[in-house]
Amino acid sequence: MQLLWILLSTLLVSVVSLVGALTLAVKDKLLKAVLFLLVAFSAGALFGGAFLHLIPEAIEQGSQQSVFIFVIGGFVLFFLLEKYLYWRHCHDGVCHQHTFTYLNLFGDGLHNFIDGLVIAGSFAVSVKLGLFTTLLVIIHEIPQELGDFGVLVYGGFSRKKALFYNFLSGLCAFGGAILGYFLSHKIGGFSHILLGLTAGGFIYISSADLVPEIHKETDARKSALSLVFFLFGIALMYILKKFS
């Protein structure tokens, strides 16, 4: 039953890779406005999810000191992935690096593989945490996949080809999910290690990737609106914690 939950959640996350199809029907100006608010909301949700859900859950599974070491390790790991593996989060649909299309696909495939690991490790703790983590991954993936789709089209892919390759990249999550499922049953304490690493990764994505995107907006009204959506993301995580 646990494996079924993992596979269904991973499938749902993989299908999110097709969200780029929305760009076929939405005007660029509206899409950019929606993306900006989604990025602000995602930043708050990932930040709140890491501190209000994942870290406390990891501490329940293991010692407090070891958990925070793994949180730092997750932050550093995601820094290295972005620094050396060209894991680009181009939320405006434009990547200012010339060798980016296939590198972006490689980085996104690795990203999705890790998402699968994270989902499996969370379900190993409980179904509730697994569903919550899946929700967090989806919240982040929507603007991410829209951005990746834009990068591929900008790099010369047709829209259909970009959707197809983005979906193939999304399927890498199944490899991570299956590996995570077996590791969680073979290695003692694997779940709390993975929860700590995941929390560190979410904090990195929120603070080093998404928040700088928000700060690019100089219009006072839009900046204030982004703050509202950022705080709404944190508030939603708090509400889910309070009533779960």
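The values are calculated or read from the model by the stated rules, or taken from the named source; none is laboratory data. Here the structure is a predicted model, which is why all the values come from computation and not from measurement. All Cβ positions, even for glycine, are placed from backbone atoms using ideal geometry, and neighbour counts span all protein chains on display. To get the accessible areas, we keep the full protein, side chains included, count just its heavy atoms, and leave off ligands, DNA and RNA. Shrake-Rupley method; radii C 1.70, N 1.55, O 1.52, S 1.80 Å.
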Tell me, what % of the accessible area of the chain is carbon and sulfur with a 1.4 angstrom probe? 72 percent
Tell me, what HN-Hα J-couplings in whole Hz come from the Karplus equation 6.51 cos²θ - 1.76 cosθ + 1.60 at θ = phi - 60° for each residue of segment 114-125, using x for Gly and Pro? 5, 4, x, 4, 4, 4, 5, x, 6, 5, 5, 7
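If I stretch the segment between Ile72 and Tyr238 completely, what's the gain in nm (0.36 nm per residue apart, minus their alpha carbon distance), one decimal? Walk me through the intermediate numbers first.
Values: separation 166, 0.36 × 166 = 59.76 nm, distance 2.26 nm.
Full extension of this stretch gives 57.5 nm more.
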Which order do the peptides 220-228, 190-198 take when ranked by the mean count of other beta-carbon atoms within 10 Å per residue, highest first? 190-198, 220-228
Can you order the peptides 53-60, 159-166 by their average number of other Cβ atoms within 10 Å per residue, highest first? 53-60, 159-166
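Using the crude model of +1 on Lys and Arg Cβ and -1 on Asp and Glu Cβ, and no other charge, please compute the dipole size for the chain relative to its Cα centre, in debye to 20.
Values: 15 positive and 14 negative charges, 68 e Å.
Using Cβ point charges on Lys, Arg, Asp and Glu, the chain gives about 320 debye.
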Would you mind working out the accessible area per residue for the chain, using a 1.4 Å probe, and quoting it in Å²? 48 Å²
Give the angle, between 0 and 90 degrees and rounded to the nearest 10, that separates the Cα long axis of helix 190-204 from the longest principal axis of the Cα atoms of the chain. 30 degrees
Please turn the phi angles of segment 53-62 into ³J(HN,Hα) values with the Karplus equation 6.51 cos²θ - 1.76 cosθ + 1.60 (θ = phi - 60°), one per residue in order, whole Hz, x for glycine and proline. 10, 5, 5, x, 5, 5, 5, 5, 8, x
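Can you classify segment 46-88 as rounded, prolate or oblate using the Cα gyration tensor, where a ≥ b ≥ c are the square roots of its eigenvalues, rounded means a/c under 1.5, and otherwise it's prolate if a/b beats b/c and oblate if not? Walk me through the numbers on the way to the answer.
On the way: a/c = 4.09, a/b = 1.88, b/c = 2.17.
It comes out oblate by the Cα gyration axes.
With an 8 Å Cα cut-off and a minimum separation of 6 or more residues, compute the relative contact order for the chain in percent. Please list the in-between numbers first.
Values: 363 pairs, mean separation 104.3, N = 244.
43 percent.
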